[in-house]
Amino acid sequence: DGGITQSPKYLFRKEGQNVTLSCEQNLNHDAMYWYRQDPGQGLRLIYYSQIVNDFQKGDIAEGYSVSREKKESFPLTVTSAQKNPTAFYLCASRDDLLGELFFGEGSRLTVL
Amino acid sequence: GNSVTQMEGPVTLSEEAFLTINCTYTATGYPSLFWYVQYPGEGLQLLLKATKADDKGSNKGFEATYRKETTSFHLEKGSVQVSDSAVYFCALISLTGGGNKLTFGTGTQLKVEL
(Lines give C-alpha, C1' and ligand atoms only; values in the text may rest on other atoms or scores of the structure.)
Protein backbone atom coordinates (compact mmCIF):
# COMPACT_ATOMS: atom_id res chain seq x y z
CA ASP A 1 0.00 0.00 0.00
CA GLY A 2 1.15 3.54 -0.70
CA GLY A 3 1.68 5.79 2.25
CA ILE A 4 3.98 7.40 4.75
CA THR A 5 5.72 5.43 7.46
CA GLN A 6 7.12 7.06 10.57
CA SER A 7 9.27 5.29 13.12
CA PRO A 8 9.55 4.81 15.95
CA LYS A 9 6.01 5.44 17.17
CA TYR A 10 7.24 6.09 20.70
CA LEU A 11 10.71 7.23 21.73
CA PHE A 12 12.24 8.14 25.06
CA ARG A 13 15.39 10.19 25.29
CA LYS A 14 17.62 11.43 28.02
CA GLU A 15 18.49 15.09 28.13
CA GLY A 16 21.57 15.91 26.06
CA GLN A 17 21.04 13.12 23.52
CA ASN A 18 20.33 13.55 19.84
CA VAL A 19 17.60 11.39 18.34
CA THR A 20 16.57 10.80 14.74
CA LEU A 21 12.98 10.22 13.64
CA SER A 22 12.48 8.33 10.42
CA CYS A 23 10.00 9.23 7.68
CA GLU A 24 9.65 7.17 4.50
CA GLN A 25 7.11 7.59 1.70
CA ASN A 26 6.34 5.50 -1.38
CA LEU A 27 3.91 7.98 -2.92
CA ASN A 28 6.49 9.44 -5.30
CA HIS A 29 5.89 12.91 -3.87
CA ASP A 30 8.55 15.58 -4.25
CA ALA A 31 7.65 17.70 -1.23
CA MET A 32 7.94 16.51 2.36
CA TYR A 33 7.33 18.23 5.69
CA TRP A 34 7.93 17.88 9.41
CA TYR A 35 5.47 19.34 11.91
CA ARG A 36 5.49 19.48 15.67
CA GLN A 37 2.29 19.21 17.70
CA ASP A 38 2.02 20.07 21.39
CA PRO A 39 -0.99 19.16 23.57
CA GLY A 40 -4.00 21.29 22.76
CA GLN A 41 -2.14 23.17 20.07
CA GLY A 42 -2.04 23.22 16.32
CA LEU A 43 0.73 22.11 14.01
CA ARG A 44 3.93 24.08 13.70
CA LEU A 45 6.23 23.63 10.72
CA ILE A 46 9.80 22.61 11.53
CA TYR A 47 11.39 21.95 8.13
CA TYR A 48 10.23 21.20 4.63
CA SER A 49 11.80 19.93 1.46
CA GLN A 50 10.46 20.56 -2.02
CA ILE A 51 12.93 18.33 -3.82
CA VAL A 52 15.83 15.97 -3.19
CA ASN A 53 18.97 17.62 -1.77
CA ASP A 54 17.08 20.77 -0.86
CA PHE A 55 15.27 21.83 2.31
CA GLN A 56 14.13 25.02 4.04
CA LYS A 57 13.55 26.05 7.62
CA GLY A 58 10.01 26.35 8.82
CA ASP A 59 8.72 28.42 11.71
CA ILE A 60 10.48 26.54 14.55
CA ALA A 61 13.67 25.04 13.05
CA GLU A 62 16.01 25.85 15.94
CA GLY A 63 17.36 22.70 17.57
CA TYR A 64 16.38 20.47 14.65
CA SER A 65 18.15 19.25 11.52
CA VAL A 66 17.06 17.32 8.43
CA SER A 67 18.47 15.73 5.31
CA ARG A 68 16.94 14.79 1.98
CA GLU A 69 19.35 12.48 0.20
CA LYS A 70 16.59 10.35 -1.33
CA LYS A 71 13.16 11.23 -2.61
CA GLU A 72 11.57 8.63 -0.34
CA SER A 73 13.23 9.64 2.90
CA PHE A 74 13.21 12.78 5.07
CA PRO A 75 14.65 12.04 8.53
CA LEU A 76 14.45 14.58 11.34
CA THR A 77 17.13 14.86 14.02
CA VAL A 78 16.16 16.42 17.32
CA THR A 79 19.40 17.75 18.75
CA SER A 80 20.38 18.49 22.33
CA ALA A 81 20.03 22.16 21.45
CA GLN A 82 16.25 21.82 21.31
CA LYS A 83 15.15 23.15 24.69
CA ASN A 84 11.76 21.49 24.93
CA PRO A 85 11.70 18.48 22.61
CA THR A 86 8.88 16.49 24.22
CA ALA A 87 6.11 16.54 21.60
CA PHE A 88 4.27 14.62 18.90
CA TYR A 89 6.06 14.82 15.55
CA LEU A 90 4.24 14.44 12.26
CA CYS A 91 5.75 13.87 8.84
CA ALA A 92 3.84 14.57 5.64
CA SER A 93 4.28 14.57 1.90
CA ARG A 94 2.38 16.64 -0.64
CA ASP A 95 0.67 15.61 -3.83
CA ASP A 96 1.80 18.19 -6.40
CA LEU A 97 -1.33 17.79 -8.47
CA LEU A 98 -3.96 17.76 -5.73
CA GLY A 99 -2.15 20.07 -3.32
CA GLU A 100 -3.15 18.09 -0.24
CA LEU A 101 -0.81 16.64 2.37
CA PHE A 102 -0.66 13.00 3.36
CA PHE A 103 0.43 12.34 6.93
CA GLY A 104 2.20 9.56 8.74
CA GLU A 105 0.94 8.18 12.05
CA GLY A 106 3.31 10.33 14.07
CA SER A 107 6.16 9.78 16.51
CA ARG A 108 5.82 10.68 20.17
CA LEU A 109 9.10 11.81 21.72
CA THR A 110 9.46 12.06 25.49
CA VAL A 111 12.55 13.49 27.14
CA LEU A 112 13.20 12.04 30.56
CA GLY B 1 1.20 36.04 5.21
CA ASN B 2 -1.44 33.35 5.18
CA SER B 3 -3.43 32.52 8.29
CA VAL B 4 -6.34 30.34 9.40
CA THR B 5 -8.60 31.04 12.35
CA GLN B 6 -10.81 28.35 13.87
CA MET B 7 -13.31 28.47 16.67
CA GLU B 8 -11.87 27.33 19.96
CA GLY B 9 -12.92 24.06 21.48
CA PRO B 10 -13.76 21.79 22.94
CA VAL B 11 -17.14 21.53 21.31
CA THR B 12 -19.36 19.07 23.16
CA LEU B 13 -22.50 17.74 21.48
CA SER B 14 -25.03 15.02 22.01
CA GLU B 15 -25.27 12.27 19.41
CA GLU B 16 -27.41 13.25 16.39
CA ALA B 17 -26.91 16.98 17.04
CA PHE B 18 -25.99 19.41 14.27
CA LEU B 19 -22.33 20.40 14.04
CA THR B 20 -20.75 23.62 12.84
CA ILE B 21 -17.06 24.41 13.25
CA ASN B 22 -16.19 27.86 11.99
CA CYS B 23 -13.09 28.55 9.93
CA THR B 24 -11.99 31.82 8.34
CA TYR B 25 -8.81 32.54 6.46
CA THR B 26 -6.49 35.23 5.17
CA ALA B 27 -4.48 34.45 2.07
CA THR B 28 -2.92 35.97 -1.01
CA GLY B 29 -3.88 34.59 -4.36
CA TYR B 30 -6.42 31.80 -4.70
CA PRO B 31 -5.96 29.24 -1.95
CA SER B 32 -7.18 25.68 -1.81
CA LEU B 33 -8.94 24.88 1.47
CA PHE B 34 -8.93 21.67 3.49
CA TRP B 35 -10.39 20.05 6.58
CA TYR B 36 -8.28 17.41 8.27
CA VAL B 37 -9.33 15.14 11.15
CA GLN B 38 -7.09 13.69 13.84
CA TYR B 39 -8.20 10.79 16.03
CA PRO B 40 -6.41 10.30 19.37
CA GLY B 41 -2.80 9.23 19.01
CA GLU B 42 -2.88 9.26 15.21
CA GLY B 43 -1.76 11.41 12.33
CA LEU B 44 -4.02 13.68 10.32
CA GLN B 45 -6.37 12.41 7.63
CA LEU B 46 -7.85 14.52 4.89
CA LEU B 47 -11.59 14.86 5.46
CA LEU B 48 -12.58 17.10 2.56
CA LYS B 49 -11.30 19.91 0.37
CA ALA B 50 -12.32 22.67 -2.04
CA THR B 51 -10.08 24.25 -4.61
CA LYS B 52 -12.06 27.25 -5.83
CA ALA B 53 -14.76 29.67 -4.77
CA ASP B 54 -18.26 28.19 -4.30
CA ASP B 55 -16.94 24.61 -4.39
CA LYS B 56 -18.47 22.32 -1.79
CA GLY B 57 -16.33 19.57 -0.33
CA SER B 58 -18.09 16.61 1.25
CA ASN B 59 -17.18 13.29 2.83
CA LYS B 60 -18.70 10.96 5.45
CA GLY B 61 -21.65 13.31 5.96
CA PHE B 62 -19.42 16.35 6.53
CA GLU B 63 -19.64 19.37 4.22
CA ALA B 64 -17.88 22.69 3.79
CA THR B 65 -18.38 25.40 1.16
CA TYR B 66 -15.60 27.69 -0.03
CA ARG B 67 -16.97 31.23 0.47
CA LYS B 68 -14.61 33.77 -1.04
CA GLU B 69 -16.80 36.75 -0.17
CA THR B 70 -16.63 35.94 3.55
CA THR B 71 -13.24 34.14 3.39
CA SER B 72 -14.76 31.20 5.22
CA PHE B 73 -14.83 27.41 5.02
CA HIS B 74 -17.11 26.28 7.85
CA LEU B 75 -17.43 22.56 8.55
CA GLU B 76 -20.93 21.14 9.04
CA LYS B 77 -22.57 17.81 9.71
CA GLY B 78 -26.26 17.23 10.12
CA SER B 79 -26.11 14.44 12.70
CA VAL B 80 -22.93 13.66 14.60
CA GLN B 81 -22.00 10.28 16.04
CA VAL B 82 -19.79 9.32 18.96
CA SER B 83 -17.24 8.06 16.43
CA ASP B 84 -16.86 11.63 15.11
CA SER B 85 -15.09 12.63 18.33
CA ALA B 86 -11.71 13.94 17.19
CA VAL B 87 -9.75 17.12 16.56
CA TYR B 88 -10.58 18.96 13.33
CA PHE B 89 -8.09 21.22 11.57
CA CYS B 90 -8.85 23.76 8.89
CA ALA B 91 -5.97 24.46 6.50
CA LEU B 92 -5.09 26.27 3.31
CA ILE B 93 -2.41 26.23 0.67
CA SER B 94 -1.80 29.13 -1.63
CA LEU B 95 0.81 28.39 -4.24
CA THR B 96 0.90 32.00 -5.38
CA GLY B 97 1.35 33.63 -2.02
CA GLY B 98 2.59 31.04 0.42
CA GLY B 99 4.82 28.73 -1.49
CA ASN B 100 4.32 25.03 -0.92
CA LYS B 101 3.44 25.18 2.75
CA LEU B 102 0.12 24.27 4.24
CA THR B 103 -1.09 26.73 6.87
CA PHE B 104 -3.14 25.15 9.66
CA GLY B 105 -5.58 26.49 12.17
CA THR B 106 -5.09 25.56 15.82
CA GLY B 107 -7.63 22.75 15.69
CA THR B 108 -11.05 22.29 17.29
CA GLN B 109 -11.71 19.32 19.53
CA LEU B 110 -15.13 17.73 19.12
CA LYS B 111 -16.59 15.50 21.82
CA VAL B 112 -19.81 13.66 21.04
CA GLU B 113 -21.70 12.08 23.93
CA LEU B 114 -24.53 9.55 24.02
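Within segment A:67-87, list the residues whose amide N lies under 15 Å from a label point set 7 Å along Cα→Cβ of A:Ser7. Label zone hits: A:73-76. Average projection, convex hull of the Cα set of chain A: 6.7 square nanometres. Measuring nothing but protein heavy atoms, the accessible surface of chain A at 1.4 Å probe radius is 48 percent carbon and sulfur.
Multiplying the sequence separation of B:Thr71 and B:Thr28 by 0.36 nm and subtracting their Cα-Cα distance, what value in nm do you get? Each step should come with its number before you reach the end.
Details: separation 43, 0.36 × 43 = 15.48 nm, distance 1.14 nm.
Fully extending the segment from B:Thr71 to B:Thr28 adds 14.3 nm.
Computed on protein heavy atoms with a 1.4 Å probe, the accessible areas place B:Phe18, B:Phe34 in the order B:Phe18, B:Phe34, largest first.
Would you work out the charge dipole size for chain A about its Cα centre, treating the Cβ of every Lys and Arg as +1 and the Cβ of every Asp and Glu as -1, and quote it to the nearest 20 debye? Don't jump to the answer; show the numbers that get you there.
On the way: 12 positive and 14 negative charges, 102 e Å.
In total the dipole reaches around 480 debye.
One quarter of the surface of the convex hull around the alpha-carbon atoms of segment B:1-95 equals 6.2 nm², the direction-averaged projected area. Determine the dipole magnitude for the protein assembly as shown: charges of +1 sit on the beta-carbon of Lys and Arg, -1 on that of Asp and Glu, nothing else is charged, the reference point is the Cα centre, and the result goes in debye to the nearest 20. That gives a dipole near 520 debye.
If you take the beta carbon distance between B:Gln45 and B:Glu113 as r and set R0 to 22 Å, what does 1/(1 + (r/R0)^6) give as a FRET efficiency, to the nearest 0.05? Spell out each step's value before the answer.
Numbers: r = 23 Å, r/R0 = 1.03.
Calculated value: 0.45.
Run through every distinct alpha carbon pair of the protein assembly as shown and return the Kirkwood hydrodynamic radius in angstroms, one decimal place.
On the way: mean 1/r = 0.0554 Å⁻¹.
Result for the protein assembly as shown, one decimal place: 18.0 Å.
Take the accessible area of A alone and of B alone, subtract that of the pair with a 1.4 Å probe, and the total buried over both chains is about 1600 Å². Considering only A:Pro75, A:Pro85, A:Pro39, the Gaussian network model of chain A with Cα springs below 10 Å gives its largest mean-square fluctuation to A:Pro39.
With the cut-off at under 15 Å, measuring from each backbone N in segment B:38-71 to a point 7 Å along the Cα-to-Cβ line of B:Ser79 picks out B:60-62.
Rounded to the nearest 20 debye, what is the charge dipole size of chain B about its Cα centre when +1 sits on each Lys and Arg Cβ and -1 on each Asp and Glu Cβ? Let's see the in-between values first.
Values: 9 positive and 11 negative charges, 89 e Å.
My answer is approximately 420 debye.
Note on segment B:63-114: Kirkwood hydrodynamic radius from all Cα pairs is 13.0 Å, rounded to one decimal. Hey, quick one: spin label on A:Asn84, modelled 7 Å out along Cα-Cβ, who in segment A:9-35 has an amide N within reach, i.e. under 19 Å? Residues passing the 19 Å test: A:13-17, A:35. When the charge dipole of chain A is built from unit charges on Cβ atoms (+1 for Lys and Arg, -1 for Asp and Glu) and taken about the Cα centre, the candidate among A:Gly2, A:Ser49, A:Val111 whose Cα reaches farthest toward its positive end is A:Val111.
Averaged across B:36-44, how many Cβ atoms of other chains sit within 10 Å of each residue's Cβ atom? Walk me through the intermediate numbers first.
Numbers: counts 4, 0, 6, 0, 0, 6, 6, 14, 11.
So the per-residue partner count for this stretch is 5.
Pairwise Cα separations in segment A:1-67 fall into 10 Å bins from 0 onward with the following percentages, short to long: 17, 47, 32, 4.
How fast does segment A:64-112 diffuse by Stokes-Einstein, in µm²/s, taking the Kirkwood radius from C-alpha pairs at 10 °C and 1.306 mPa s?
On the way: Rh = 12.6 Å.
Rounded, D is 126 µm²/s.
The values are calculated or read from the model by the stated rules, or taken from the named source; none is laboratory data. From a predicted model like this one, the values you see are computed outputs, not experimental measurements. Methodologically, a virtual Cβ is constructed for each residue, glycine included, from the backbone with ideal geometry; neighbour enumeration extends over all protein chains shown. Each accessible area value is taken on the protein alone, full model and side chains, heavy atoms only, with ligands, DNA and RNA left out. Shrake-Rupley method; radii C 1.70, N 1.55, O 1.52, S 1.80 Å.
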